[in-house]
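Asker: Here it is, the structure in full.
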Amino acid sequence: MQDTLLTIVLAPLIGAIIAGLLPVSRRIAHSVTIGAVGLAFFLSAYVFYQIIFAGHAIYNETLYTWLVAGNVRLEVGFMIDSLTAVMMLVVTFVSWMVHIYTIGYMHDDPGYNRFFSYISLFTFSMLMLVMSNNFVQLFFGWEAVGLVSYLLIGFWYTRDTAIYANLKAFLVNRVGDFGFALGIAAVLMAFNSLNYGEVFGLAQAGEYKQTISIFAGHEWSMITVMCILLFVGAMGKSAQFPLHVWLPDSMEGPTPISALIHAATMVTAGIFMVARMSPLFELSTTALSFVMVVGAITAFFMGLLGLVQHDIKRVVAYSTLSQLGYMTVALGASAYTAGIFHLMTHAFFKALLFLGAGSVIIAMHHEQDMRKMGGLKKYMPITYWTMLIGSLALIGVPGMSGFFSKDAIIEAVHHAYDADRAGAWFAYYSVLFGVFITALYTFRMFFLTFHGKERMDEHTKEHLHETPWVVTGPLIALAIPSIFIGMFTIGPMLFGGYFSDSIFVAAAHNPFDPEHYHGFISFMLHGLIQPPVWLAAAGVGVAYFLYMKRPELPEIIAKRSGIVYKILVEKYYFDRFNDWFFAGGTRKVGTFMWQFGDVRFIDGFINGMADLIDWFAGVFRKVQTGFLYHYAFAMLIGLAVMLGAFVY
Amino acid sequence: MTIANLNIAWLLPEILILTMACVILVIDAYLPKQLRNLTYHLTQGTLLGAALLIIAANPMQPILAMNDMVIIDAMSVVLKLFIVLIVFFTFIYSREYLQDRKIFKGEYFVLGLFATLGMLIMVSAHNLLMVFLGLELLSLSLYAMIAMNRDSKVATEAAMKYFVLGALASGMLLYGMSMLYGITATLDLTKLSQSVSEISNDRIVISSVNQLISETEEVELAIKNVEKHVTTITNSPIATKIAEIIEANIETDAMVIIKPMLASSSQNYTILVFGLVFIVIGVAFKLGAVPFHSWIPDVYHGSPTSMTLFVASAPKIAAFAMVIRMLVDGMQTLHTDWQGMLILLSILSIIVGNIIAIAQQNIKRMLAYSTIAHVGYLLLGIIAANADGYAASMFYVVVYTIMTLGAFGMIILLSRTGFEADKIEDFKGLNERNPWYAMIMLIIMLSMAGVPPMVGFWAKWAVLAQVINAGFVWLAVLAVLFAVIGAFYYLRIVKLMYFDKPTSLVPIEAGVDMRFALSANALIVLLLGLMPNTLMAICLGAWGISV
């Protein structure tokens, strides 16, 4: 087992090193990395089989002790249980598909090898993150994926917008990571250990420091403070309100990156982390409510923004934000399993949508504005059908994978609403109406792109054709699980105790009662009489009416709605505010520090010291006269002083 | 005395070097000029052979050989190995430099081998005579080596200064040894150590007896008290003697005999410390601690760079061994006395070395003052006066020689015929001329300044940790403050290399062996910094501390 796990982790790393640091040809670069990630995928599938079906015990070993300082041990180790096995499978599969797709997408790019090196490095980092058995390695993976994300958003580093976007992503994530690091510190403070097994054991036994005094005299619940801090980390990485601002801009990176990192895997690290920490979060309903409300805000309000975007990738990006909100709501409602379930289905259909959008972009010669598309259906049939599958999965048409996971989340929030959890009513209505919004923006994008008038220029039109197999192949490979994976896994994942070894839910919080589950067909039939399906249908209907039947209407509505439309276009003024308050404010403080602190204080005081030492040096060096007798004399004086000081 | 007692097999490395030095001297005399490289290869082969023999002759516990004149223990094996390897690298760096300047002569290598032999003897010495002989063999070879370029005025001046001051220091050392011999009547380090500890025990007894006598007016009562006291003491000869005298004589007679005996015996200790001062000065000169450092800047500056490299690197390890042999093996009991002397030397070296280095324009001179500062840090570990401290110092000296080797190696690399590259500004814009060499210099400079993750950081950390453990927090604070000041002149080189425009664009040329060795040298500095545990474990192991 150990060798297999090491191979899974190290193969992508070695691939990244070969493609990135050695002077190899393009062909070797992509063969090596694809081979390495493919190997990781097959071994992950084997591990998945071992853990899930062959009944292999949970693997939890420390492989290497990096550093011991007092009672803090910094280690490298793996913990493989059902949760990890699912994540490994998702990460390696999507990554593998993206690797193959990249051959087509980046075909003409001069940074071809660099790109393959980065995405392989990403796969390594993400695997380190999910396979960790301790908080330090988790943090390592967390930061490493952040770094690769930064590098890849700014992949086309000559573009100003790309540099702006990657800096923004990096800085916003720093805010989240600061909270995360504090959260890990709180874990260490409360439990005196950083190992998952030990921490969770102590948490269940209740043997930890119960309170913390942040301001003198006020005792806070340790576990609540810890969980909220950890969740702040998740808010940064999984782009939750108000740290969501970096994700739409991250679309400046190449499309495969949007699919791999900013939709399917890295942004779900926060969801994974909270699910992994379920034994801690379950101890604090306050923290859970906080998680739920933040998720609900993200799910509803970010979905709205998708309605006014013209860039095809940005629509998918806002959709990702909204869906991440759904996952977060699920976590807050103690439905960790539903969160992970949605994470998995979303990974497939969102990667599909992104890669489909990428396929369109390739065909359109890197034009991303939907106002210049339309009627692409007849030119690109494979892309069209796979995108349709992705869209249907996203809006939750019964039978598609997205239906099961999204419905499960809404059910879970309903359960929390019934249980009168704080903030649950707000979350319930947000996710419910979110369904309508989702359907509306998804099919707006779909109709604008593939149906209606052909609005592109003549030159582009002449060259329109379906993209090569390295692009369409992954689309088809992702479309299949986008349809089927939901119906086959909902039973074991949500109701069958699949995650019982890794996710802990307090009995009173558990929204999924196996006794009420009678197979996925009855779940589907039950879904048909629930509001979400009808809200989704309404969304599609409205989109059809507005963009197919009466294409002139949207513009009129936009004009009439005035201020509301403006707020949406300006993304609730978050970017403006951040630029003015944080960026501008920091610069002002910096200028003040420079003018006052640096120029006046440091240059005065420190340079004064330096000048003084320089002066001393100038004087002292004269002692070295070059005359032999001076030297001998110095020795004799030294002798006399030492005799005087130590003998008498 | 039998042949078996000589334990000759343990001295094979030294014997090999001695034999080969003589053989090479003869061969070289008959070699035509174009075959001079043979001398070089023979020398390097000898050093490698010696290294193998040193590893092979690694004893489980200390072995005495040559009728107790030399000792082979874990420390000597480690230090000898490093000495031989450092000299090996020195010769690699020197070859082209010497050829370019038409001083590629067999004498350089032969003298180098003799100097190496001297160093090995110093490391293994178990007798004050051997310490002195090793030191003189090393020093005389070095004087001649520096003066080898006899047409160069600065080089001869440097050699002359080194020789005169060295003679003065040797005289002092010898004087100190004679003092010790006068008191203890032995030159053997084990016996010396026993003698010294007896004398210091006597001193304690004497002061307590004196106190007992002065407490009471009545002679009889005083003698009774003394008798009661001395019979409880077993480890002091003077206590036994007093007990005998009291037994044999009546009280008043005993008092008459004891009093002058106490007075004369108490002088022994004073004379011992008097001798100790001279010995400390002897080693301080060899290490180059202030105020016995004056030769270092002039010699480093004046000698051809390859000679400077030789003088600056391996002999420091030997000097460290000399300190350990004499102060620790011979006079550990006197540590309260030599601690004070070393603290004085260490503080002065750290202050003077770091401050004057700032004012230097010549990089060889700058490195000379940096050496002086490093010696100050090196002494910190010895000041701790326990095995952990000695191990830390040992780590420091090994690391220091590796860094120095690289630094002077870089100067040699940049120099060419007619251009010595010994001005600090010669490093301007090195990054533009050759980024790899700039990185090598960067690693070495950062390491010397003690920036993690270079090994220099761990070396400083180790000695500082030990000196704090020994209770000298103020000394550690002072050392760190001056390390900050010292960082300036190392970082200035970095700044010149990376942020200034080059003044000349002549390509840097060097042989494969040189380039490879220098790169390896810098990478070792980096690698040891990332994984300091192995070397640390070796140094601790040499002091019998297992990790």
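Asker: What is the sum of charges around B:ALA65, taking Lys and Arg as +1, Asp and Glu as -1, for the other residues whose C-beta is under 14 Å from the C-beta of B:ALA65? Let's see the in-between values first.
Answerer: On the way: positive: B:LYS80; negative: B:GLU14, B:ASP68, B:ASP73, B:ASP188.
Value of the local net charge: -3.
Asker: DSSP loop (so not H, G, I, E, B), at most 13 other Cβ within 10 Å: list which chymotrypsin sites (Phe, Trp or Tyr not before Pro) in region A:96-169 pass both filters.
Answerer: Within region A:96-169, the qualifying chymotrypsin sites (Phe, Trp or Tyr not before Pro) (loop, at most 13 other Cβ atoms within 10 Å) are A:TYR157.
Asker: Among A:HIS107, A:ILE490, A:HIS365, whose Cα projects farthest towards the positive end of the dipole of the protein assembly as shown, with charges put on the beta-carbon of Lys, Arg (+1) and Asp, Glu (-1)?
Answerer: Final value for the positive-end residue is A:HIS365.
Asker: Now for a separate question. Sequence neighbours fewer than 8 away in the same chain don't count; with that in mind, list the lysines whose C-alpha is under 24 Å from B:LYS364.
Answerer: Filter leaves A:LYS622, B:LYS102, B:LYS105, B:LYS153, B:LYS161, B:LYS286, B:LYS316, B:LYS423, B:LYS428, B:LYS460, B:LYS495, B:LYS501.
Asker: Counting other Cβ atoms within 10 Å of each Cβ, which GluC sites (Glu not before Pro) in region A:544-603 have at most 11 and sit in a DSSP loop?
Answerer: Those satisfying the criteria are A:GLU552.
Asker: Counting helices only, and only those DSSP H runs with n ≥ 4, report the 222 nm mean residue ellipticity of chain A as the sum of -39,500 (n - 2.57) divided by its residues, in deg cm²/dmol to the nearest 500.
Answerer: -22000 deg cm²/dmol
Asker: With a cap of 15 neighbouring Cβ atoms within 10 Å, and only residues DSSP puts in a loop, list the trypsin sites (Lys or Arg not before Pro) found in region B:182-291.
Answerer: The qualifying sites: there are none.
Asker: Summarise the partner chain shielding of B:478-491 as one whole number: the mean count of Cβ atoms from other chains within 10 Å of each residue's Cβ.
Answerer: Mean number of neighbouring Cβ atoms from other chains: 1.
Asker: Still on this structure: Interface size between chain B and chain A, please: total buried accessible area, 1.4 Å probe, rounded to the nearest 100 Å².
Answerer: 2400 Å²
Asker: Considering only protein heavy atoms and a 1.4 Å probe, what is the carbon-and-sulfur percentage of the accessible area of region A:198-312?
Answerer: 66 percent
Asker: Given the C-alpha centroids of region B:414-459 and region B:499-547, what is the distance between them in whole angstrom?
Answerer: Value for the Cα centre distance between the two parts: 12 Å.
Asker: Add +1 for every Lys or Arg and -1 for every Asp or Glu among the other residues with Cβ under 14 Å from the Cβ of B:THR190, and state the total.
Answerer: Values: positive: B:LYS191, B:ARG325; negative: B:ASP68, B:ASP73, B:ASP188, B:GLU198, B:ASP329.
Combined, the nearby Lys, Arg, Asp and Glu give -3.
Asker: For chain B, what is the accessible area per residue in Å², given a 1.4 Å probe and the full set of protein chains?
Answerer: Here the residues of chain B average 38 Å² of exposed surface.
Asker: Average partner chain C-beta neighbours within 10 Å, per residue of A:154-162?
Answerer: The shielding value for this peptide is 0.
Asker: What is the average number of partner chain Cβ atoms found within 10 Å of a Cβ in A:611-621?
Answerer: For this peptide, the per-residue mean of nearby foreign Cβ atoms is 5.
Asker: For A:VAL413, what charge total do you get from the other residues with a beta carbon under 15 Å from its beta carbon, if Lys and Arg give +1 and Asp and Glu give -1?
Answerer: Summing Lys and Arg as +1 and Asp and Glu as -1 gives -2.
Asker: Turning to a different aspect of this structure: Would you mind pulling out the separation of the Cα centroids of region A:319-374 and region B:1-72, in Å?
Answerer: Taking the Cα centre of each part, region A:319-374 and region B:1-72 sit 74 Å apart.
Asker: Calculate for chain B the 222 nm mean residue ellipticity that helices alone would give, adding -39,500 (n - 2.57) per DSSP H run of length 4 or more and normalising by residue count, nearest 500 deg cm²/dmol.
Answerer: When only DSSP H runs of four or more count, the value is -26000 deg cm²/dmol.
Asker: Have a look at A:PRO242, A:PHE180, A:LEU229 and report the one farthest towards the positive end of the charge dipole of region A:132-252, computed about the Cα centre with Cβ charges (Lys/Arg +1, Asp/Glu -1).
Answerer: Most positive-ward Cα: A:PRO242.
Asker: Can you tell me the order of B:74-83, B:423-432 when each peptide is scored by its average per-residue count of other Cβ atoms within 10 angstrom, highest first?
Answerer: Listed from highest to lowest mean packing, they are B:74-83, B:423-432.
Asker: What order, most packed first, do the peptides B:490-498, B:390-398 have when packing is the mean number of other Cβ atoms within 10 Å of each residue?
Answerer: Put in order of decreasing packing, that is B:390-398, B:490-498.
Asker: Continuing with this model, one more query. Report the Cα centroid-to-centroid distance between region A:587-642 and region A:112-184 in angstrom, as an integer.
Answerer: First find each Cα centre; the distance between them is then 44 Å.
The values are calculated or read from the model by the stated rules, or taken from the named source; none is laboratory data. None of the values given here were measured: they were computed from a predicted structure. Backbone-built Cβ (ideal geometry, glycine too); neighbour counts: all protein chains shown. Surface areas here come from the heavy atoms of the whole protein model, side chains and all, with no ligands, DNA or RNA. Shrake-Rupley method; radii C 1.70, N 1.55, O 1.52, S 1.80 Å.
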